[in-house]
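Down below is the structure, laid out as structure tokens.
Every number here is computed from the coordinates shown, using simple stated rules; none is lab data. Note that the coordinates shown come from a computational prediction; the quantities given were computed from them, not determined experimentally. So basically every Cβ, Gly included, is an ideal-geometry build from the backbone, and we count neighbours across all protein chains shown.
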Amino acid sequence: MNDKSSRPALADNNAIISEYDTILLGFPIWWYTAPRIINSFLENYDFDGKNIVLFATSGGSGLGNIAKELALSSPGANIQNGKMLNRRSSFDDIKKIVETL
Ligand SMILES: Cc1cc2nc3c(=O)[nH]c(=O)nc-3n(C[C@H](O)[C@H](O)[C@H](O)COP(=O)(O)O)c2cc1C
């Protein structure tokens, strides 16, 4: 994580991004930002014109500037901070969040 240019390899390259307009992208917050593999993911696919809504877990910190930071890895996407999911979330909780998008 110290090396901002680090890009861990993805396990595969088979995500079918073209079929989706809005993508929910979740991760644990590490050192106030997204793990670098999230940059790998954003740089590995074409997200131009897509809406990407972030969600995250953490020990307490929030999404802060993470959407702006990740936009550098996918400048053609509309990346927005979504929700922190630090408390136990039920299916209905998640459904309500998705319905607001
Ligand atoms: C390397 C590392 C860095 C972390 N940095 C932060 C941080 O900056 N802020 C924070 O609130 N939590 C931080 N955490 C806590 C994780 O966000 C938390 O453990 C995770 O979201 C919980 O998901 P998990 O159950 O999948 O581990 C860090 C955890 C790790 C392992």
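Here are some notes:
- Considering segment 54-87, and only residues there that are in contact (Cβ under 8 Å) with a residue 24 or more places away in the chain and charged (D, E, K, R), the residue that is surrounded by the fewest Cβ atoms within 10 Å (Cβ to Cβ) turns out to be Glu69.
- Residues located in segment 20-37, provided they are within 13 Å of the ligand (Cβ to nearest atom) and either touching a strand residue (DSSP E or B) at 6+ places or on another chain (Cβ under 9 Å) or farther than 13 Å from Asn81 by Cα (or both): Gly26, Phe27, Pro28, Ile29, Trp30, Trp31, Tyr32, Ala34, Pro35, Arg36, Ile37
- Failed criterion for Asp93 (all others in (1) more than 13 Å from the ligand (Cβ to nearest atom); (2) closer than 24 Å to Asn2 by Cα; (3) part of a helix (DSSP H, G or I) hold): (2)
- Scanning segment 44-58 for residues that are outside any helix (DSSP H, G or I) and either away from the ligand (no atom under 16 Å from the Cβ) or among the acidic types (Asp, Glu) (or both) gives Tyr45, Asp46, Phe47, Asp48, Gly49, Lys50, Asn51, Ile52, Val53.
- Failed criterion for Leu63 (all others in (1) within 16 Å of the ligand (Cβ to nearest atom); (2) outside any loop (DSSP other than H, G, I, E, B); (3) within 21 Å of Thr100 (Cα to Cα) hold): (2)
- Residue in segment 49-64 that is under 25 Å from Asp12 (Cβ atoms) and charged (D, E, K, R) present: yes
- Any hit, segment 27-43, residues being outside any helix (DSSP H, G or I), in contact with a Gly (Cβ under 7 Å, 6 or more places away or on another chain), over 22 Å from Asn2 (Cβ atoms) and not aliphatic (A, V, I, L, M): no
- Condition check for Ser40: out of contact with any Pro (no Cβ under 9 Å at 6 or more places or on another chain), under 18 Å from Ala9 (Cα atoms) and either near the ligand (Cβ under 10 Å from one of its atoms) or not aromatic (Phe, Trp, Tyr) (or both): no
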